[in-house]
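Only one structure is covered here, and it is reproduced in the block below.
All of the numbers you see were taken from the coordinates with simple rules; none came from a lab. In this text, all values refer to a predicted model and were calculated from it rather than measured experimentally. Backbone-built Cβ (ideal geometry, glycine too); neighbour counts: all protein chains shown.
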Amino acid sequence: MTYSGRLNGKVAIITGAASGIGKAAARLFAREGAKLVLADISVEALKEVAEEIKDQGGAAVLKKADVSKEDEVKELIDFSLSTYTEVHILCNNAGITGNFLYSNPEDQNSEDWFQVYAVNVMGAMYGIKHIAAHMKQRGSGAIVNTASVAGIRAGAGTNAYSASKAAVISLTQTGACDLGKFNVRVNAVCPGLTETGMSKPLFDYARETGKEGKLGNRCELRRYGKPEEIAAAILFLASDEASYITGQALPVDGGNTASLNLPGMKY
Ligand SMILES: NC(=O)c1ccc[n+]([C@@H]2O[C@H](COP(=O)([O-])OP(=O)(O)OC[C@H]3O[C@@H](n4cnc5c(N)ncnc54)[C@H](O)[C@@H]3O)[C@@H](O)[C@H]2O)c1
């Protein structure tokens, strides 16, 4: 991939930046010229990402923040503004799956649901809430939420996860409606199965049981995604190239949600 300074002069906050898609987005944003605030609960891993970016000439500071806690999200935004004065891009990317033990309707566990909602939905809501005044006042901004194909169709995660990601898509639409007149865009990516920390148990299991070939075979491209491929879509939505796009949830899923059929059923 060639880099052309698409984020030169921009400041971006990325949550969940210590691993997987957030880490790939951090690396890509830095190479495209953004100054970064990296946030996560996993501080040691976050330090490594920030060091790597700085070693390669990028600009990154880090902030420990649990996005399920409103005061910590507010502190993250305040810290970002005091460090760089402006924030142009907010990526609400941190997320959790919930417990796969709770698979049947009668097994659903409210504590698990509340935790999944607290991180995936409230985390993104707190981010939008606390960056809105700054972006409105400046008259521009781009917010990119990481939703999921699970928010579009059932069967790609726990029930709580699916419902939470559908809520993230809705939050994207309501955010776009609330902020559009201030030239603040709110979009989401909906990744399909991607190899990251979150999906590691699934990948480990498939590899251990000789089922690796099945990973991602439910999508038309018949393979799973790489974090860098999701990061590329996040970059596009965050950049000025997407200046007339808001309120959209873009599947980045190898065609998984394009079809009601199994891949290749027609042939
Ligand atoms: N991997 C996939 O197949 C897939 C598919 C669709 C959507 N997603 C979404 O992509 C996003 C990134 O996940 P990933 O796949 O890179 O997984 P990951 O586990 O590799 O990364 C998620 C990061 O979020 C951090 N995090 C978790 N809870 C947090 C909290 N309360 N506050 C701050 N940080 C927190 C984790 O420490 C981790 O670094 C998530 O929103 C996830 O739901 C992933």
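Pairs from the list Lys23/Lys54; Lys165/Lys226; Lys54/Lys74; Lys23/Lys64 with a Cα-Cα gap above 22 Å: Lys54/Lys74. Taken over region 198-267, the ratio of Cα radius of gyration to 2.2 N^0.38 Å equals 1.37.
For Val61, Val87, the sequence from fewest to most other C-beta atoms within 10 Å is Val61, Val87. Just flag the GluC sites (Glu not before Pro) in region 73-113 sitting in loop per DSSP whose Cβ has no more than 16 other Cβ atoms within 10 Å. Here the GluC sites (Glu not before Pro) that fit, given the DSSP loop and packing criteria, are Glu86. For region 1-79, chymotrypsin sites (Phe, Trp or Tyr not before Pro) are listed when DSSP marks them as loop and at most 13 other Cβ atoms sit within 10 Å of their Cβ; the list is Tyr3. A simple spin-label model places the labels of Arg138 and Ala154 4.2 nm from each other, with each point 7 Å out along Cα-to-Cβ. Globularity index of region 28-106 is 1.32 (Cα radius of gyration / 2.2 N^0.38 Å, N = number of residues). Among the DSSP helices (H) of the chain, those spanning at least 15 angstrom by Cα along their long axis with an average Kyte-Doolittle hydropathy of 1.0 or more are 227-238; this is a geometric and hydropathy rule only.
Of all the C-alpha pairs in region 86-153, what % are more than 13 Å from each other? Here the long-distance tail beyond 13 Å is 69 percent of all Cα pairs in region 86-153. With 0.36 nm allotted per residue and the present C-alpha distance subtracted, the Ala45-Ala59 stretch has 3.3 nm of extension available.
Taking the Cβ of Phe100 as the center, what net charge do the other residues with Cβ under 12 Å away carry, scoring Lys and Arg +1 and Asp and Glu -1? Here the charged neighbours net out to -2. Legend: P(r) of region 113-220 from all alpha carbon pair distances, 10 Å bins from 0, whole percents, reading 14, 37, 28, 15, 5, 0. I need the fraction of alpha carbon pairs in region 1-58 separated by more than 16 Å, rounded to a whole percent. Percent of Cα pairs beyond 16 Å in region 1-58: 34.
Pairwise alpha-carbon distances in the chain exceed 32 Å for 19% of all pairs.
Calculated from the alpha-carbon coordinates, region 117-179 shows an Rg and a Dmax of 12.7, 41 Å respectively.
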